[in-house]
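Reviewing the structure listed below.
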Amino acid sequence: MSLVDENGLVQADVDSSNIENAYISDAIADGAGSDSFTYAKRSFGGFRMTRCMDGLGWYLVVQGTGGFSNRNRLPAVLVTALYLILAALLVLVLLAPAGSSRHMMVKTLLPEDPLTGLPNRNYVNDSFGELGVFNTTRYKSMAVFDIDSFKAANETLDGDSILQRIVQLTKDMFGESGLIFRWSGDEFVLFLEIDADEAEMKFRILCAYIQKETGVTISVGIVEVDLFESIKRNYHRAILQCYTVKEAGGNGVSRKS
């Protein structure tokens with residue numbers, strides 16, 4: 001069972017290693033409301049139940065194997081149990097110990113990330129308006145990347161230094177050809193003024209540089225920007241490409257026109 005935000009990023013989970021490190025973006029596409037669970041089939045006979053948490057704007061996602069004969073409905077006692085478990089997960093997230101010397105993936109309401117100096121998601125909201133649409137034709141492609149197994153690496157390495165070095169390498173590779181944002185934790189988004197072909201070529205080189213200099217790898221998803229879609233929809237297309245790389249083992253680039 002997971003609680004995911006509007007982008008599909010896991011914010012609370014029965015498996016703590018998934019928190020801010022895994023995505024269930026397919027659940028967002030289910031179009032769940034707050035009145036009942038939606039039901040969706042998954043591969044190998046699995047299922048996914050999704051329900052919007054009214055007032056929070058996040059989604060409760062239950063995944064498993066088998067199926068329900070009475071779709072979109074769960075017994076009242078089970079719904080109550082799920083909400084109680086969810087409440088406990090939220091408490092654990094909110095009360096997580098602070099002050100660790102390792103990277104804590106802290107979120108901020110400021111438009112700039114204090115660790116890397118990069119603009120963040122709040123900057124995007126401020127700059128591109130409430131509708132979240134591209135207000136210029138200058139951006140040709142969008143890329144999303146994050147660090148493979150970063151939570152594990154963060155336990156033994158200096159997570160802050162890794163993030164800062166990766167940001168510097170990315171800036172060196174792409175120069176003034178776009179904007180780079182620290183999106184969430186170890187996830188970064190780029191709005192690029194170069195086409196997807198050039199972006200793919202540069203990211204393949206960047207993957208090798210990052211692995212050589214930091215000892216970690218990244219998974220990259222690239223799409224051509226569709227100016228008729230919102231930034232959020234373009235982002236979802238790119239993050240799905242990023243998932244494709246992760247499912248194949250990470251350390252690579254997937255691109256979709």
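Odds and ends about this structure:
- A full extension of the chain between residue 165 and residue 122 corresponds to an added length of 13.2 nm, given 0.36 nm per residue minus the alpha carbon distance.
- Sorted on the mean count of surrounding Cβ atoms within 10 Å across their residues, most packed first, peptides 184-195, 151-162 read 184-195, 151-162.
- Label-reachable residues, region 234-255, where backbone N falls under 17 Å from a point 7 Å from residue 6's Cα toward its Cβ: 234-237
- Over 25 Å between alpha carbons, listed pairs 140/212; 140/232; 41/140: 140/212; 41/140
- Simple label model, 7 Å out from Cα along Cβ direction - residue 193 to residue 152, nm: 4.0 nm
- Taking 7 Å steps out from each Cα toward its Cβ at residue 34 and residue 177 produces label points 4.5 nm apart.
Here, each number is a calculation from the coordinates, and none is a lab measurement. In this text, all values refer to a predicted model and were calculated from it rather than measured experimentally. Positions of Cβ are backbone-derived with ideal geometry, glycine not excepted, and every protein chain shown enters the neighbour counts.
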